[in-house]
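The values are calculated or read from the model by the stated rules, or taken from the named source; none is laboratory data. Since we're looking at a predicted model, the values are computed, not measured. When we count neighbours, we look across all protein chains shown, and the Cβ atoms used for this are built from the backbone with ideal geometry, even at glycine.
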């Protein structure tokens, strides 16, 4: 075997190692993000349950941390393979490869700890009177349902590919001034029970003449009808009714 063949084999090995390390780092950030979600969930639940008359609640995403997390998901597939000659044909010096891999690992850990410390502080809560936004359990903004700008949502069927199994989603989003949103389908276990809880809110929005854009497809509704006790989804149909 010639020296050139040895060098080529070593380069291929480095490329495979770079892709593998990138995949490991991405799995790491997914696990770290999942850990952060699990650890802040009780905090959010406590804030929501302490709100008198709470009907539903949703989380308010942390904009900066969300952007950093998204960037950290992309960075391993951009930086690590490049450091190991993927797409460039040039292997970075060992010290820079170590800096890239360990630096990204440290950033992932720091991001998870930051999310653990700062995540779950901001939530939204729906009551019969309106929607309010809390920080550390204290309300800092509130809107009445009749002050809403629009209602969007529905029951939709999605297929990633034509041959894929369908996935069905329910959505009910109320928008307010100041770009505030009440995501009332954030926590959804029993669709029919959920629809019955939201009906007074929906009736108030309808009576106030709030602009409505709700669309549902027959396949999605049939899916939830099959899953419902006795096949009755009357409350769900009422909640997801289109504009009259």
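Answer yes if at least one residue in the stretch 52-72 is part of a helix (DSSP H, G or I), over 15 Å from the mean Cα position of the chain (by Cα), farther than 30 Å from residue 197 by Cβ and not assigned by TED's automatic domain parsing to the domain that holds residue 187, and no otherwise. Lay out the reasoning, then the answer.
Looking only at the stretch 52-72, we keep the residues that are part of a helix (DSSP H, G or I), and these are 63-72.
Imposing the further condition that a residue be over 15 Å from the mean Cα position of the chain (by Cα) reduces the set to 71-72.
Now narrow it down to the ones that are farther than 30 Å from residue 197 by Cβ: 71-72.
This time we only want the ones that are not assigned by TED's automatic domain parsing to the domain that holds residue 187, so: 71-72.
Yes, the stretch 52-72 contains a residue that is part of a helix (DSSP H, G or I), over 15 Å from the mean Cα position of the chain (by Cα), farther than 30 Å from residue 197 by Cβ and not assigned by TED's automatic domain parsing to the domain that holds residue 187.
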query: Is it the case that some residue within the stretch 208-215 is at pLDDT 90 or above, within 16 Å of residue 128 (Cβ to Cβ) and under 23 Å from the mean Cα position of the chain (by Cα)?
result: no
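A quick yes/no check of all residues on (1) assigned to a strand (DSSP E or B); (2) under 27 Å from residue 33 (Cβ atoms):
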position	(1), (2)
128	no, no
154	yes, no
187	no, yes
193	no, no
203	no, no
task: Identify the single condition in (1) out of contact with any helix residue (DSSP H, G or I) (no Cβ under 7 Å at 6 or more places or on another chain); (2) buried (at least 17 other Cβ atoms within 10 Å of the Cβ) that residue 103 does not satisfy, given that it satisfies every other one.
output: (2)
- prompt: From the list 97, 116, which one is in contact (Cβ under 8 Å) with a residue 60 or more places away in the chain, touching a helix residue (DSSP H, G or I) at 6+ places or on another chain (Cβ under 6 Å) and assigned to a helix (DSSP H, G or I)?
  reply: 116
- prompt: Across the stretch 119-133, what is the total count of residues that are at pLDDT 85 or above and in contact with a helix residue (DSSP H, G or I) (Cβ under 8 Å, 6 or more places away or on another chain)?
  reply: 7
